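A quick write-up on the structure given underneath.
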Amino acid sequence: MRRLVILGSTGSIGVQALDVVSSTEGLEVVALSAGSRWQDLLVQAQRQGVRRIAIADEQSAELARAAWDGEVLSGPQSLEHLILGAEPDLVLNAIVGAAGLAPTVVTLSEGIDLALANKESLVVGGELVVELAAATGARLLPVDSEHSALHQLIASEEGRSAATIERLTLTASGGPFRGRSRSELESVTVEEALRHPTWEMGGKISIDSATLINKGLEVIEAHQLFGTAYSAIDVVIHPQSIVHAMISLADGSSLAHLGYPDMRVPIAYALHWPERAELELAPLDLEQIGSLTFEAVDNDAFPCLQLALTAGREGGTAPCVLNAANEIAVAAFLDRRCGFLQIAEVIARTLENAQIEQSYSFDTLIESDRAARATAAEHLAALA
Ligand code: NAD
Ligand code: MG
């Protein structure tokens, strides 16, 4: 049995991961965590026979303690204690946002393998996270569907020279606003932005997909995971979300990874690696799908992708600043405190005003994140 800790188990990825655990053999859940939805978390803990959980929100943790006789951790060090106390073989980090960085660092520092859905860890932590994994020998297994696809495609070239792989391509569905012009995006609502055409996901990543910054975060994630230069990573819009990624090889071959948009596939891949799990899913039916189409990104209507690529190329703390500003702007949009187009505006202005450090430690990142959030909040207030 592989001992598994799931962080963010009440979210979209967390719930699907528990589904993978119950529908496949060999995984034992030994600890769970959530931000605030304590009742859902208690139900999960009871079902899994877990006796120790962590809850980020103090008030929710208090309520959970009053309702349950298991151990409920909270406070700044709670995820560290949860992970270390559980003695896991694998941690799934399915927390949303930069809050996922600290448990990523704890897991990798201990040499524990990490199934990483929390892409923000790699965007914010960058080289430090990758170097930490290399130093302790812990494995970083991507859960993001495109990166899971790339992991599999790159593995198929193992044993050949690294130069064989010339380019990586990430596909993007284009989100709910694909095909709209910039002016048509001015008055879109939160409900429209949350209605993703092909994937069902948490609120923050759904908005990130609508602005296309999600794809920018994913290019940075791919650059960090696979060590590929930004100039060798392409993004293409593919509305059907059947082709998840492609690698282009020196001999003119291109290999692509296909599948229905179902996150249980990349989750199962990461949780069961290096084995393949048996999932009861319908095989891909190309006749029924009919056509796969591809188009270029409209950078005028969706400036967030280029903002992310610029921050990625600049490196240092720039992706950390970009991510922090995005989190503040997306929260404001979801709260109806700003419009859709203002998300890009807040990010651009925050990046312009930020002091970017080229060399950084984890403490520098915490400080950059804090400062960028404060600047982004000021820009938001000025827009209102
Ligand atoms: P979600 O909002 O549905 O769930 C987030 C989880 O994190 C919840 O359990 C929540 O309680 C917990 N959480 C939130 N804030 C926290 C905090 N401060 N401290 C501790 N826990 C906290 O999000 P999601 O859609 O499941 O996405 C999770 C991560 O996976 C994100 O980084 C996202 O980009 C990535 N991802 C998601 C999908 C998807 O299909 N949902 C696909 C690819 C990548
Ligand atoms: Mg993805």
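The values are calculated or read from the model by the stated rules, or taken from the named source; none is laboratory data. Bear in mind that the values here come from a model prediction, so they are computed numbers and not experimental data. Cβ: placed from backbone, ideal geometry, glycine included. Neighbour counts: every protein chain shown. Note: areas computed on protein heavy atoms with side chains; ligands, DNA, RNA excluded. Shrake-Rupley method; radii C 1.70, N 1.55, O 1.52, S 1.80 Å.
Summary table
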quantity	calculated
Accessible area of the chain belonging to carbon and sulfur atoms, whole % at 1.4 Å probe	49
Principal axis box of the stretch 121-177, alpha-carbon based, largest edge first, Å	42, 30, 16
Chain lengthening between Ala232 and Ala384 when straightened (0.36 nm per residue, less Cα-Cα)	50.8 nm
Cα radius of gyration and Dmax for the stretch 202-260 (Å)	12.9, 42
Two-decimal log10 I(q)/I(0) for the stretch 1-144, as the Debye equation yields it once each C-alpha is a single scatterer, q = 0.18 Å⁻¹	-0.97
Accessible surface, the stretch 64-169, averaged per residue in Å² (probe 1.4 Å)	38
Kirkwood-Stokes translational diffusion coefficient of the stretch 72-179, alpha-carbon pairs, 25 °C, 0.890 mPa s, µm²/s	158
Stretch gain in nm, segment Ser183-Asp285, where the contour uses 0.36 nm per residue and the Cα spacing is subtracted	32.9 nm
Pairwise label distance in nanometres, Leu194 with Arg313, each label 7 Å out on the Cα-Cβ vector	3.6
Share antiparallel - DSSP beta bridges, the chain, percent rounded to 5	30
Whole-angstrom gap from the stretch 197-243 to the stretch 314-344, using each part's C-alpha centre	16
In the stretch 312-384, trypsin sites (Lys or Arg not before Pro) in a DSSP loop with at most 16 other beta-carbon atoms within 10 Å	Arg336, Arg337
The chain, relative contact order in percent, only Cα pairs under 8 angstrom and at least six apart counted	15
Three semi-axes of the equivalent ellipsoid, the stretch 37-122, Cα gyration tensor, whole Å, largest first	22, 14, 12
Long-range tail of P(r) for the stretch 160-247 (Cα pairs > 17 Å, %)	53
Gyration tensor (Cα) of the chain, equivalent ellipsoid semi-axes in angstrom	29, 27, 21
Accessible area of the stretch 8-62 divided out per residue, in Å², using a probe of 1.4 angstrom	46
Neighbour count of at most 13 Cβ within 10 Å plus DSSP loop: longest GluC sites (Glu not before Pro)-free window in the chain	26-157
Value of Rg to Rh for the stretch 278-334 (Rh from inverse mean 1/r over Cα pairs, i.e. Kirkwood)	1.22
Per residue convex hull volume, Cα atoms of the stretch 228-348, in Å³	194
Residue-averaged 222 nm ellipticity for the chain, from DSSP H runs of 4+ at -39500 (n - 2.57), nearest 500	-14500 deg cm²/dmol
The stretch 18-57 - Rg (one decimal) and Dmax (whole number), Cα, Å	10.5, 33
Globularity index of the stretch 302-384, i.e. its alpha-carbon radius of gyration over 2.2 N^0.38 Å	1.02
Spatial separation of Cα centroids for the stretch 262-280 and the stretch 96-133, in angstrom	21
